[in-house]
Each structure stands twice: as C-alpha cells, then as structure tokens.
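Visitor: Would you mind keeping the following structure in view while I ask a few things?
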Number of protein chains: 2
Amino acid sequence: MKYKVIFQPFGRRGYVDEGKNLLQAARDIGVDIESLCGGKGSCGKCRIKVEEGSFPKGGIHSARDNLSPFTSEEEKSIEAGEASLGYRLACAARLQGDVMVFVPEESRGGRQVICKAPRDMGIEINPGVKGYHLKLTPPSLSDPKADLERVKVGLEKRYGLKGLGIDYSTLALLGNNLRAAQWNVTVVIWMDQEIIDIRPASLKSLYGLAVDIGTTTVAGYLCDLVTGEVLAMASLMNPQISYGEDVMARISYTMNHPGEGLDRMHDQIIQSINQIVADTTSQIGASAEEVYEMTIVGNTAMHHFFLRINPEYLGRAPFCPALQRSIDVKARDLGLKIHPSGNIHVLPIEAGFVGADNVGVILAQQPHYADEKTLVIDIGTNGELVMGNKEGLSSVSCATGPAFEGAHIKFGMRAAPGAIERVRIDPENYEISFKVIGVDQWSEQCKPEEIGARGICGSGIIDAVAEMFKAGIIDKSGRILGTIPSTRMRKTKGGYEFIIAKARETAMRRNITITSEDIRQVQLAKGALYAGAKVMMGTLGFNKINRVILAGAFGNYIDPEKAMILGLFPDCELQEITGVGNAAGDGARLALLNKEKRREANDIARGIGYIELTLCKDFTDQFALAMHFPHMRDPFPHLRGLIPEEMINL
Amino acid sequence: MKYKVIFQPFGRRGYVDEGKNLLQAARDIGVDIESLCGGKGSCGKCRIKVEEGSFPKGGIHSARDNLSPFTSEEEKSIEAGEASLGYRLACAARLQGDVMVFVPEESRGGRQVICKAPRDMGIEINPGVKGYHLKLTPPSLSDPKADLERVKVGLEKRYGLKGLGIDYSTLALLGNNLRAAQWNVTVVIWMDQEIIDIRPASLKSLYGLAVDIGTTTVAGYLCDLVTGEVLAMASLMNPQISYGEDVMARISYTMNHPGEGLDRMHDQIIQSINQIVADTTSQIGASAEEVYEMTIVGNTAMHHFFLRINPEYLGRAPFCPALQRSIDVKARDLGLKIHPSGNIHVLPIEAGFVGADNVGVILAQQPHYADEKTLVIDIGTNGELVMGNKEGLSSVSCATGPAFEGAHIKFGMRAAPGAIERVRIDPENYEISFKVIGVDQWSEQCKPEEIGARGICGSGIIDAVAEMFKAGIIDKSGRILGTIPSTRMRKTKGGYEFIIAKARETAMRRNITITSEDIRQVQLAKGALYAGAKVMMGTLGFNKINRVILAGAFGNYIDPEKAMILGLFPDCELQEITGVGNAAGDGARLALLNKEKRREANDIARGIGYIELTLCKDFTDQFALAMHFPHMRDPFPHLRGLIPEEMINL
C-alpha cells in the first residue's frame, strides 16, 4: 500500500510505502530535511508540521490521524502546544494515509558551507600520474613488434623509462586505442611504474581528486595534475551518519551486524565519493574517466570503512589498526568510478585513533620542520592534537563529542545558510549583535524580519559562550548568572537560557537561545581538548606553547581570541593562533600533486609518538580543571586586556 | 510455448522452447551429443533418430512432424534410407511439438581421452607462490603496532623478506585472519613480493594450476606447489568451438560481433577454466580458494581471447599481437575463481601466430640448449613448428586444418572411447586389425560384437592411411586404387572408400571407412606441415634434421614410423622421433613450479625467429611437392625397409 505525500512549501509530491516515516518519504521524494542523528529521534532537528483538511489542488485529504501516534521520543523535542498545532518529528511519524506536510524554515536542509577556496600551497608539481607523448611508427610485416613492446621501446628511447608494467584493463584496450589515435598518443603512467592509459595525443587533461573523509562531511578537490590548480570542489554529508553520529557508534553498528554492517558503511562512503567525482567533473565538463588518481585522508575508522576493513580491533584495546603505512589500491577493487586503471592512494595512519587526516594536516602544516613548540588542533567530531617541533611530534585523540559541530546544542546547526556564526555582546547592557551565514551585514544593520536566523553553528557557539563569559553572564565554572539585568535572560527547567536572536530575527519566529546545558556541552568538549594538550606538554616537557594551528573546516571559522578566552587550548600569543581550513584535505592534495610527499607522509606517520589518553592517570584530573573558563588554575597572561583581569589566572 | 523432449536410451526429459533445435535441447537437458562444427550442420556428427508413436510412460506422442522439415544440409550427411527411418541432424531439427529422440551410440559425446599422466620433468621446485610460517606476539597497549606492520616485521626478521606489498583483498581480511589463527600463521607470498593470504599455520596445502588452452581442448594440471606433484587433471572441449572450429573463424566471429563477440569468447574460456578448477580441486577434496596461482599457455588467439583482448590485429597483416612478454593479472580481474588474491601468469608469445603454447613446448623440450638440428612439431588445430638448436631457433605456423583431430574426416572423431586409434593392414590379403580406445585387445582377439568401434581418431587416421599406402591400396599421389582385390573396397560418388571396421564390429552397425576425400584432407594437412619445415630448413641452412619432437596430445599418440611414412616431416632416423605428449602443458607446469622458468620463457620468446609463410614465395611450391606420400622428390633413406623401395625416393 502506498500513500500520497506532499511537502510544502516546495510542492513536491510522491507516493510512499505505508509504514515509512516522513524522513524516509522526504528522501524518496527529494526533499532535504535536516537530521543530525540520522533518524534516531534524538536530535530533534527534523520537526515538521502536518496540515489538516482537504486540498483539492493536491487531490488529497490530510489528517494527523494519517500518521502513527505521537511518541515519547517526540515529547522531548516538541512541546505540548506545538504538538497540538500538528508538529511532529519527521523521523518518528509513520505513514498510515495521505498527508500534506509543511517543512518549517529551521528544518530545511541546506548544503553545509564548508568548501572555501583551498589554500595556495606553492607545491612543486610532481604528481603520481603523468602523461608522456609518443609518436610511434605503425607495425609492418618487416616490423611486427607487439603493441605493448612498441610502446615500451618508445618510452625507453624518448624518456628513459624502463621496466614499466601495464594495468590489465589498459592492456585489454591497448591495440584499439593505439590505432584509434593513429599511433600519436599520450601514455598515462602511474609513479613511472605502470601504464594506465593510452590516449590520443591531443587530449591533455589529467585530473586527480584529493578526498578528505570526515566523520560528518566528505569533501573532494578536483585538481589538474599538470598545473596543480584546484578546478572544482564538492562536499557531502557522510551518509554513514544515519548509523551513528560518532565513530564509536558506527564501529558498534558493524560489530552488531557482522559482514553486512561493514559492507553498508563501505558502500555508503564509496557512493558518496562517486557522487563527488560526478559533481566535480561535471562542474568542469570533464568525464570521470579522466580522473586517474585519488588520494584519501580520514580518521582511522573512516580509513578502515573506506577500505572495507573490519574496524572491530580499532574499537577496543589495544586499539590496533590493520595497517599503518600508505597503500595503493586499484579504483575498480573499491568500486570507485574513475578511470578503470586509476589508482587510489590512501595516506598512512599514525595509531589506533590518529588517522590519515591527521597525517594530512601535518604534511600541510609541517610542524616537524618548525623551531616553535607547535600545537595543531584538528577539530571535527573527534579532536586530534599534535604537539611538538623539529625535535619530535606527539599526538593524542580527544573525545570532544559533536558540540562544536552544532549537535547536542539546543539551537545548534551545521554551518549552513541561516546559521549564526558570529556574536558580540555589549557588556554594559547585554545587547547583542550577530552575523548569519548568507547575510552580508551584522544584525543591527538589518531589518529584524530580513535576518532569518535558523540556529547557531560551531563558531557562533564559541563566540556566544565566550562573549557571555566576557560580559559576566556566565562565570568561570560555566554557570549562567540568572540575576543579571537583561530581558534576554529566561529561566528554564534545568537552569537558564539567554536569548541570542529574538523571535522576529529568526526564520521560524522563535527565540534562539544558549542554554545552561549548551554551555555544559561546550565545557565537556573544550575540557577534553585542553586536557589532551596538557598531557602532551607534560610528556614532551613543554611548559608553554608558541604556536597554535587550528585545522578543520571549523577551525577556520572560529575566532582565535574567543577560542582562547574559553580555554580551548593553553595560553599562547594571540597572533600565533591561526586557522588553516581543511588542512587534512590540503595534505591529501599535496600527496596527489607531489609524489615525494607520499614518502614524507609515511615518515611522519612512523615518526610521530602517540599517547593513549585512556592510559594517562593525569588525564581525568586535567579534564576536571580544564572544564572551567578558561581554566581553573593555569595562567593565561595573553588574555590580559581581553577580558576582565579577575576572570584570568595571571 | 515449450514442448516435452525425451532423450533415449538415457531417459532424460525436459521442457524446451519451441523453435530450439535438438542439439540445444540436449544441452539444456544435460545430454551430451557429439558435435564438431558446433551446430552448423557441416560435420554430420550429431545424427539422432526420432521415434514415432504414443509413449504412455513418457506421457508423450512423438511424431516426425513435430520437428521442422528435413533440410538440404541434412541430405549431405543422411542418406534417403536413413531419413525414412527418422534419422535427423540434431542441430537442424527444430521443435514444433513433443518428441522422443534416440541418440545412437556414435553420436553420443564422451569425454575425450587426452589426459595421460604428465611427464615427470625433474623440476627444481621454486614456485612463484610460497608459504612462510610465522608465530607472532599479539598486540598490546604497550605494542599496538598495526597488523600488517607486525606481519612484515616478522617476515623480515625471520626470512629476510623486505619491501613486501599486500593484495587488497587479503588486506581487507588481515585482522580477522590473524586473530582466528591466534597469530600462528602461514603467510602466502607471491614472487617474494606480495602477501596474498594469511592462513592458520596448520594449513599446509598450496596449490597451483597449469593450464593449456587449446583451440579444441582446454586442459588443466593441478599441482602441489610444495612437492611439485601433479595431484589432479581435467580437460574439457573448448566451448568456443561453437563459434568456429579454427582460430580464424573465431577471430572473424569477434570482428563481426564487435564487443559482445569478444566478451563471449572470453567468458567461455573463463567458464571452462573455472570448471577445470572445480573438477581438479574436487578430485582431491580441496577448495578452489586453495589454488593461489595459475600459469597459462595457448596460441596467440587463445591468449588474446583469454585476456579479453581484441584479436582483430592478429588476424590480418601485419599480424601484430597486443603484447609479447609474459604478464601477471589478478584472478579476480579475469573472473577466475581461485583464491581472490591469486595471480594468473600468462606465458609470453613469440609472434602473431606462434603462441605461448609453443613457448611452453620449447621450455619443456629445450631445443635451444641442443646440439642436434631439432624439429619440434606441435600439432593441434594449427601446426606450429620450431626448428633449430643452440645456435638459434626459428618458428612457423602452418594451417593444417583439423583433419588430425578427426574433423572433416567422414568417420573422424575425437580420441574418446570407441575411437579406432591403431590400424594394421596385411599387404598380402588386405585384411585389417585395429585397436579401439577403451578396449584392451586388438580387434582380431575380440568377438566382433564386443568391439563397438564408433569412428577413427587422429592417430588412427595416420595409421590407416600409412598402412593403406604401405599395402599399395593408395599410391604416392594419394589416389585409392579401386582395382585391388579386396571385399573392403567400395566405389563411392567421389571415388572409393576402404572399410576399416565392418558393420558388426561397430557400435552403430555401419561400416567405418576411409574415403578418397579423407585422404585428400590428410594430404593437405601433412603437406602444410612438411612445406613449413622445408622453408625453415632453407632459412636456417639445414640440409637435414637430426631429431623430431612430436608435441601435443595428438603427437603423443601417433606412431612415429607411420608419420614418417606419410611424410608429415622430412626424413630422420626413426629412433630420433619422439612423442612428448602435452609439452605446452608441461611448459605451463614448469613455469608454475619454478619461477626462474618464467624469465627463461621470456628469453626464448624474444630470441626466437619467426618466418611468416604467407610471405615465402617458396612455400606454395613446397606445399605442392609435399602433398605426395611421403614426398614427390625428397629422399627418405630412413624409410628403407619400412615400405617397398619403389615408393621412396632414395
């Protein structure tokens, strides 16, 4: 049995199987509804409203009874008053008849804003895949040399290339391709080892894709392998998110579904990357077959899922990965749809929880060549820290949770249009000015109705909490001081909430607030990061750090000053804190465009120390101290002048 | 619409689509009917008899009208009297209703007798795939090294193996396999380069398969890679035969059916080899996954079909193959069902028509180390000749046609049970004694009814024609002398035929004869071989040859004396003519069991000269002279005493 479903305001409609929930229905019909938890009923982001009545234009009679009953899960996210208006969670409401659904502004998905222009890295272009031009004499009865030997002799004579192999699928088409090009060809060769294509000499385009598989986002950079230029970018939500927001949840899923679970995780990543290949190549009017190599970075779990390797042993002590060094796999063996002879270079990983993404960051940032005591923070769903300098590097992995990505935060959202990304609070009168992604001006320069805020993204959360702390709205322990004289302060069941955007400034005409619980989530996340850094300083014998590098898309957007005010990391000179964007992706791009960087990546991975925080007695104590803003005891001399002195230990 | 078909005497039945012919019906139902031409109506081997009447037991009313009308093709193979009894060609008679079919003895397929025990070659066992035992310390928090690095360190420490790679599909299972074996494992390594399996140390079996892809027959030898022993053998008809008996017909087929034709040829070979893998492993109770490597020999067309390479450029001047050197391909890339990380080593080829099978023969027979002027004859559907000694080798390919395999011969059949394989004729009274495959005694020692001859196979044809020549029944020009006083002589439309087995000595109670046309076919085949050898002698400056090696399954069965009497090759001392069986298969086995032989094979292939007979003005003249028995002009001193002197040029 199928029922008719109409999604408004888009007017999208379709027939959907009985019993499917509205989130699935939306996906089937092609409507993008926000869902952070992947349909588990826990994030409360997929709120929709069911319209009642007969709608002759839609040929439909919609009633709330046409959906399964309101669940206890929904009660947590939807207040009684809203429920009586027809609000439901799309993931909980199952079809029992025709329905007309309205998707409120705040529940509409939007492509996340993560693809900023990649950094110009000044790379020496020496890619793993190169093209060599050859003009050959066709065979004759007096010279009937085989096609392959003819090509090899030509390559040796003209370019000194010896001992070349050929990929099987290129071999199978060799004769046809040579003759179609009338023996005037570009021979595409991988690592000066293996022939992977024979093309007409007139075709010059050689593309590669650098891919960063994040727990939340998969991003790809299509590069010209001749000029090194980034030609196109694309990113997608990692679809594995429907099996769990964090890495451990996904590992558990595969363990609870032996065989099939891993296949599903693997297939989802592969499909996403194939989508990115299709997206980026179509942006420049190229074909996927012109992509000859891919480099891959990702944390260890993503790395294992990508390679269809059971992640079980990663997920429990002694947290042992299947391999550390980089590996090359044929695209076809993984089901990746680039050139059939194309290669996939997966960067090395460091240890059980410090992955190829981290190697990418180091490759791009090069703390191993620095004199300064450097801290590299890569904040994604997990936080990975690397500390050290040319004397040596250490790494840790901190369970920050996804608060910095907007999850587990009442009005948290991804960095998509409508997200509040910057916040300023006037300490005199607690008045607020904020900036929304997609709107060029700050809120005070706009008419309130034109702002249309939908939630707060990671950098906005950091800003808001830091400004609240600076303005004295919260204290060092993270408590909201409910007594401050502001109409923005509200009492809630669990404490207080402070209004950042007023109802009329939002798309859904509801106040957007920061709650006591939100602040608690920020404290847990920042406490874990800080404590990880402190443990490393102890191990390395550093009493201070000279430089902080914030990697990750999120790291690029947060205000270094605000991050230090909250104490995301130990004290440091402000101008020495820099955001470097998707440095993991930069690392993948370096390895794509310069094959020497692959060797260097293996050297980094092998040389880096790894500290297992769960084994450090010190960690729990450090974590408790670091929950405070900016810290319970550590001095923060460089915050002097930024916040009132009584809030800092000097 | 489907009709019921019953095949007797087997009692096999089934429902078959209207319009299918009885040969297809038999295949669908699993009845093996002989067919050399693959259902083209030209070989006349698939004679069946349609029974008329109602058969309550079969629930069927069978009538000749239930088949399509008698065709003009059938008239050539079925005499009017037989047709009136219900005889048809299975490939020509199409279903229009239910039928009961009787398959006469001579039309029943039977597995060809080609698998004789492989020669003991005294090979030094140094295979491409070896097992290395390792007992590893499991990982711990203080030693959380990755699984792959743990294995590699172990292999380097214990065996000095460095720089190893790992096949992707082995990598994906690495963690599970190490733990299942409790870290006590055999690491299976290919060419000391690549890890291709991790198994419990208790498993010792390592198998490899040497495969000879013949135009007519595909044969496989399952070998123990540790002892070198041949554990099992299997062979099948090459199913490509239904697209043409000879190589050129199959190349034409692929050219006339672009894409799909090549796919079909390729898939058929792959399926046959997978069948051989299944057959041989089940003979010893092993699994296909325990087979880690395969070596492949075959002529250039089979080589290209096997690799799914377009053979078009092989089939026309300048007869240029896609590659000459050996190549290694992953089993999975070809769809071969052995161990998923298993390797397929395809031996090198020499030139457009001298293939990897010939390289295999030379590898096994080593004429390139000999002092003697050696002629190696590999007789299959094509005849490939190699001539020379340690000073150098030359090769040619001769279009012999399939007469020596029993095709285009009235009573020709494959070397299966019931085939006459030996013939003696008493020159005094022209009386005949013969030997049939599957019957231990010669015909004169059996009761005629118990012999059950069904046809004549290649060696029987050579024997019969040589004995007829020796007895004066045919003259030097190949003419049957119809006037000789024997009741076995019969006049036919096109000349004469001579009865070899009388009706009561046969399974189908019909005389088995040698006809004038049969002798013509033998003359064309042997003339081509002889002329090829003469052209090579001229090129190499040899005035005689010291040694003849007869390779190929057929070469093993023919009587060297009879072959020389007919003049299949130039004069040679009789004891210097030896049959060496499936030497191409021996070569594949050598390459499987000793990896040094792979290098040697490439050296042979590169070093051998190739003479394109179609470019030799001399060839046509030589061919005409060589049509005579044993030759029109060349002297055959070593036949003195074997046949009357007036028949030899001395």
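The values are calculated or read from the model by the stated rules, or taken from the named source; none is laboratory data. Given the structure is predicted, the values throughout are model-derived calculations rather than measurements. Using ideal geometry, Cβ is built from the backbone for each residue, glycine included, and neighbour counts are taken over all protein chains shown. For the accessible areas, the whole protein counts, side chains as well, though only heavy atoms, and no ligand, DNA or RNA atoms are used. Shrake-Rupley method; radii C 1.70, N 1.55, O 1.52, S 1.80 Å.
Visitor: Considering only the stretch A:312-327, state which residues are open to solvent by less than 40 Å² (accessible area, probe 1.4 Å) and within 14 Å of B:Leu178 (Cα to Cα).
Guide: Of everything in the stretch A:312-327, those that are open to solvent by less than 40 Å² (accessible area, probe 1.4 Å) and within 14 Å of B:Leu178 (Cα to Cα) turn out to be A:Tyr313, A:Cys320, A:Pro321, A:Ala322, A:Leu323.
Visitor: I need the full set of residues from the stretch A:358-381 which are of a type outside the set (S, T, N, Q) and in a loop (DSSP other than H, G, I, E, B), in order please.
Guide: Let us first name the residues in the stretch A:358-381 that are of a type outside the set (S, T, N, Q), namely A:359-364, A:367-373, A:375-380.
Those that are of a type outside the set (S, T, N, Q) and in a loop (DSSP other than H, G, I, E, B): A:Ala370, A:Asp371, A:Glu372, A:Lys373, A:Gly380.
Visitor: OK, next. So which residues in the stretch A:353-378 are more than 17 Å from A:Gly607 (Cβ to Cβ) and in contact with a helix residue (DSSP H, G or I) (Cβ under 7 Å, 6 or more places away or on another chain)?
Guide: A:Phe353, A:Asp357, A:Leu375, A:Ile377, A:Asp378
Visitor: If you take the residues in the stretch B:153-165 that are over 21 Å from B:Gly342 (Cβ atoms) and open to solvent by less than 70 Å² (accessible area, probe 1.4 Å), which one is farthest from the other protein chains (Cβ to nearest Cβ)?
Guide: B:Gly160
Visitor: From the list A:Gly552, A:Gly567, A:Gly581, which residue is on the phi > 0 side of the Ramachandran plot, in contact with a helix residue (DSSP H, G or I) (Cβ under 9 Å, 6 or more places away or on another chain) and at pLDDT 95 or above? Don't jump to the end; show me each part of the working.
Guide: On the way: A:Gly552 fails: at pLDDT 95 or above; A:Gly581 fails: at pLDDT 95 or above.
Exactly one residue qualifies, and that residue is A:Gly567.
Visitor: On to the next question. Which numbered condition in (1) modelled with pLDDT under 95; (2) in contact with a strand residue (DSSP E or B) (Cβ under 9 Å, 6 or more places away or on another chain); (3) surrounded by fewer than 24 Cβ atoms within 10 Å (Cβ to Cβ) is the only one that A:Pro200 fails?
Guide: It is condition (1) that A:Pro200 fails.
Conditions (1) within 12 Å of another protein chain (Cβ to nearest Cβ); (2) surrounded by fewer than 19 Cβ atoms within 10 Å (Cβ to Cβ); (3) β-branched (Val, Ile, Thr), marked per residue:
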| residue | (1), (2), (3) |
| --- | --- |
| A:Val129 | no, no, yes |
| A:Ser140 | yes, yes, no |
| A:Asp147 | yes, no, no |
| A:Asp167 | yes, no, no |
| A:Gly175 | yes, no, no |
| A:Gly214 | no, no, no |
| A:Gly228 | no, no, no |
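Visitor: Here is a further query. For the stretch B:1-45, enumerate the residues that are in contact (Cβ under 8 Å) with a residue 60 or more places away in the chain, more than 24 Å from B:Pro417 (Cα to Cα), in contact with a helix residue (DSSP H, G or I) (Cβ under 9 Å, 6 or more places away or on another chain) and open to solvent by 30 Å² or more (accessible area, probe 1.4 Å).
Guide: Result: B:Tyr3, B:Lys4, B:Asp17, B:Lys20.
Residues checked against (1) more than 17 Å from B:Gly406 (Cβ to Cβ); (2) surrounded by 16 or more Cβ atoms within 10 Å (Cβ to Cβ); (3) out of contact with any Phe, Trp or Tyr (no Cβ under 7 Å at 6 or more places or on another chain):
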residue: B:Ala466; (1), (2), (3): no, yes, yes
residue: B:Thr483; (1), (2), (3): yes, no, yes
residue: B:Ala501; (1), (2), (3): no, yes, no
residue: B:Glu505; (1), (2), (3): yes, yes, yes
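Visitor: Which one of these is within 21 Å of the chain's Cα centre (by Cα) and assigned to a strand (DSSP E or B): A:Ile276, A:Ile296?
Guide: Details: A:Ile276 fails: assigned to a strand (DSSP E or B).
Within the list A:Ile276, A:Ile296, the selection yields A:Ile296.
Visitor: In the stretch A:344-357, how many residues are within 21 Å of A:Glu293 (Cα to Cα) and either within 11 Å of chain B (Cβ to nearest Cβ) or open to solvent by less than 10 Å² (accessible area, probe 1.4 Å) (or both)?
Guide: Let us first name the residues in the stretch A:344-357 that are within 21 Å of A:Glu293 (Cα to Cα), namely A:344-349, A:355-357.
This time we only want the ones that are either within 11 Å of chain B (Cβ to nearest Cβ) or open to solvent by less than 10 Å² (accessible area, probe 1.4 Å) (or both), so: A:344-349, A:355-356.
Residues in the stretch A:344-357 being within 21 Å of A:Glu293 (Cα to Cα) and either within 11 Å of chain B (Cβ to nearest Cβ) or open to solvent by less than 10 Å² (accessible area, probe 1.4 Å) (or both): 8 in total.
So that you can scan it fast, the table gives a plain yes or no per residue for (1) open to solvent by 50 Å² or more (accessible area, probe 1.4 Å); (2) in contact with a Lys or Arg (Cβ under 6 Å, 6 or more places away or on another chain):
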residue	(1), (2)
A:Asp267	yes, no
A:Asn274	no, yes
A:Asp279	no, no
A:Ile284	yes, no
A:Glu293	no, no
A:Ile296	no, no
A:Ala301	no, no
A:Phe305	no, no
A:Val329	no, no
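Visitor: How many residues, within the stretch B:392-439, are part of a loop (DSSP other than H, G, I, E, B) and at positive phi?
Guide: First, the residues of the stretch B:392-439 that are part of a loop (DSSP other than H, G, I, E, B): B:399-402, B:406-411, B:413-418, B:426-431, B:437-439.
Right, trim to at positive phi and you get B:401, B:406, B:408, B:418, B:430, B:438.
Summing the residues that are part of a loop (DSSP other than H, G, I, E, B) and at positive phi in the stretch B:392-439 gives 6.
Visitor: Give me the residue from the stretch B:571-608 that is acidic (Asp, Glu) and open to solvent by 10 Å² or more (accessible area, probe 1.4 Å) and, out of that set, nearest to B:Val376 (Cα to Cα). Don't jump to the end; show me each part of the working.
Guide: Residues of the stretch B:571-608 that are acidic (Asp, Glu), as a first pass: B:571, B:573, B:576, B:586, B:596, B:600, B:603.
Still in the running and open to solvent by 10 Å² or more (accessible area, probe 1.4 Å): B:571, B:573, B:576, B:596, B:600, B:603.
On the way: B:Asp571: 14, B:Glu573: 15, B:Glu576: 12, B:Glu596: 23, B:Glu600: 18, B:Asp603: 18 Å.
So, considering only residues that are acidic (Asp, Glu) and open to solvent by 10 Å² or more (accessible area, probe 1.4 Å), the one nearest to B:Val376 (Cα to Cα) is B:Glu576.
Visitor: Looking only at the stretch B:299-309, which residues are part of a loop (DSSP other than H, G, I, E, B) and either of a type in the set (A, V, I, L, M, F, W, C) or modelled with pLDDT under 95 (or both)? It would help to see each step written out before you state the result.
Guide: Filtering the stretch B:299-309 down to residues part of a loop (DSSP other than H, G, I, E, B) leaves B:299, B:307-309.
If the condition is that a residue be part of a loop (DSSP other than H, G, I, E, B) and either of a type in the set (A, V, I, L, M, F, W, C) or modelled with pLDDT under 95 (or both), then B:Asn299, B:Leu307, B:Ile309 are the ones that fit.
Visitor: While we're on this one: Out of all the residues in the stretch A:180-202, is one or more within 14 Å of chain B (Cβ to nearest Cβ) and in a helix (DSSP H, G or I)?
Guide: Yes, some residue in the stretch A:180-202 is within 14 Å of chain B (Cβ to nearest Cβ) and in a helix (DSSP H, G or I).
Visitor: If you don't mind, another one. Please pick out the residue among B:Ile309, B:Ile270 that is over 25 Å from B:Val376 (Cβ atoms) and more than 12 Å from chain A (Cβ to nearest Cβ).
Guide: Answer to the check: B:Ile270.
Visitor: Within the stretch B:321-357, how many residues turn out to be in a loop (DSSP other than H, G, I, E, B), more than 30 Å from A:Ser140 (Cα to Cα) and not hydrophobic (A, V, I, L, M, F, W, C)? Please lay out each step first, then the result.
Guide: Filtering the stretch B:321-357 for residues in a loop (DSSP other than H, G, I, E, B) gives B:321-326, B:335-342, B:347-350, B:352-353, B:355.
Now drop any that are not more than 30 Å from A:Ser140 (Cα to Cα), which leaves B:335-342.
So of that shortlist, the ones also not hydrophobic (A, V, I, L, M, F, W, C) come out as B:335, B:337, B:339-342.
The number of residues fulfilling the criteria is 6.
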